[in-house]
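Okay, structure first, notes after.
Each reported figure results from applying straightforward, stated rules to the coordinates on display, with no laboratory input. For clarity, every value in this text was computed on a predicted model and none was experimentally measured. Glycine gets a Cβ as well: all are built from the backbone with ideal geometry, and neighbour counts include every protein chain shown.
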Amino acid sequence: MNLVTISGPPSSGKTAVILKTIEALQKRDLKTAVAKFDCLYTDDDVLYEKAGIPVKKGLSGALCPDHYFISNIEEVTKWGVENNFDLLISESAGLCNRCSPYVKGIKAICVIDNLSGINTPKKIGPMLKSADIVVITKGDIVSQAEREVFASRVNTVNPGAVIMHVNGLTGQGSYELSTLLYDDEDDVKTLVGKELRFPMPSALCSYCLGETRIGEEYQMGNVRKMKLEG
């Protein structure tokens with residue numbers, strides 16, 4: 001089984017891109033499944049089920065969705081292997097633009113849309129900078145010049161990535177993306193012992209543990225203060 005991780009800001013078009021790409025994969029008789037990770041709510045699993053795609057959904061609730069993802073991805077991988085899927089796609093929204101739910105040796109894709117602003121690539125951390133493939137969506141809404149400038153900004157922060165334009169509505173570009181997702185040599189049986197490409201944020205403070213009161217006397221653990229002198 002091949003495993004691919006797809007992440008990106010909320011509403012960037014990840015699910016639409018995945019659905020169109022799986023259509024192309026199914027034409028090659030590749031059995032594909034999806035694991036959807038989100039924070040509070042998602043109905044994307046309904047869309048996958050309507051398309052006849054096996055899907056599992058996980059909601060992190062009060063936990064960081066990417067910490068939740070990395071705590072559960074081994075069990076999800078085991079589910080995929082047991083069901084003899086050819087390809088398992090894990091979809092996760094990088095809500096803080098910082099987390100990087102990418103694993104060394106596992107293909108990583110970041111989906112980002114043209115409408116987010118030309119400076120957005122600089123604001124996104126390892127989720128964009130350590131991806132193997134960057135998919136840019138919603139290019140039909142902006143001009144050709146804006147598409148080129150945005151793609152250039154993406155290339156600046158991640159010069160080693162393959163940059164692709166995919167239309168989640170028409171499916172344009174999804175076939176080309178599908179050819180990059182599956183490789184007979186990328187067989188994955190377990191993730192035990194593998195490492196993240198980039199460490200998760202270091203955050204264990206009183207607010208992580210449920211504190212709601214404001215004030216320095218209530219702040220414990222990993223706390224960083226702004227420098228306001230001068």
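Of note:
- Karplus 3J(HN,Hα) series, Hz, for segment 196-210 with 6.51 cos²θ - 1.76 cosθ + 1.60 (x for Gly, Pro): 5, 6, 8, x, 5, x, 7, 9, 8, 10, 4, 6, 4, 9, x
- Here the gap between MET200 and LEU169, fully extended at 0.36 nm per residue and compared with their Cα-Cα distance, gives a gain of 7.9 nm.
- Residues MET164, MET220 in ascending order of nearby Cβ atoms (within 10 Å, fewest first): MET220, MET164.
- Projected label distance in nm at ILE141 and TYR41, using a 7 Å step from Cα toward the beta-carbon: 2.1
- Charge dipole of the chain about the Cα centre (unit charges at C-beta), most positive-ward option of SER7, LEU40, VAL149: VAL149
- Within the chain: Cβ-based charge dipole about Cα centre, in debye rounded to nearest 20 (Lys, Arg +1; Asp, Glu -1): 540
- Distances between placed amide hydrogens fall under 5 Å for VAL55 paired with VAL34, all partners being 5 or more residues away or on another chain.
- For LYS227, the lysines whose Cα comes closer than 30 Å to its Cα, not counting residues fewer than 8 places off in the same chain, are LYS122, LYS123, LYS129.
- Label selected from (1) 107; (2) 138; (3) 150, the criterion being volume of the Cα convex hull per residue in Å³ as computed here: (3)
- Note on LYS31 and GLN219: their simple-model spin labels are 5.3 nm apart, each label 7 Å out from Cα toward Cβ.
- Residue with peak Gaussian network fluctuation, the chain [Cα springs, cutoff 10 Å], from GLU91, GLU216, GLU82: GLU216
- Each Cα pair under 8 Å and six or more residues apart adds its separation to the average, and for the chain the resulting relative contact order is 26 percent.
- FRET E, pair ARG153, LEU95, Förster distance 25 Å, beta-carbon r, rounded to 0.05: 0.70
- Neighbours of GLU75 by Cβ distance under 11 Å: Lys/Arg scored +1, Asp/Glu scored -1, total 0.
- Paramagnetic reach from LYS104 in segment 1-21 [backbone N under 19 Å; point 7 Å along Cα→Cβ]: 3-5
- Candidates LEU115, LEU209, LEU177: whichever shows maximal mean-square fluctuation once the chain is modelled as a Gaussian network with Cα springs under 10 Å: LEU209
- Given charges at Cβ of Lys, Arg, Asp, Glu: the chain dipole, positive-most of ILE109, VAL135, ILE214: ILE214
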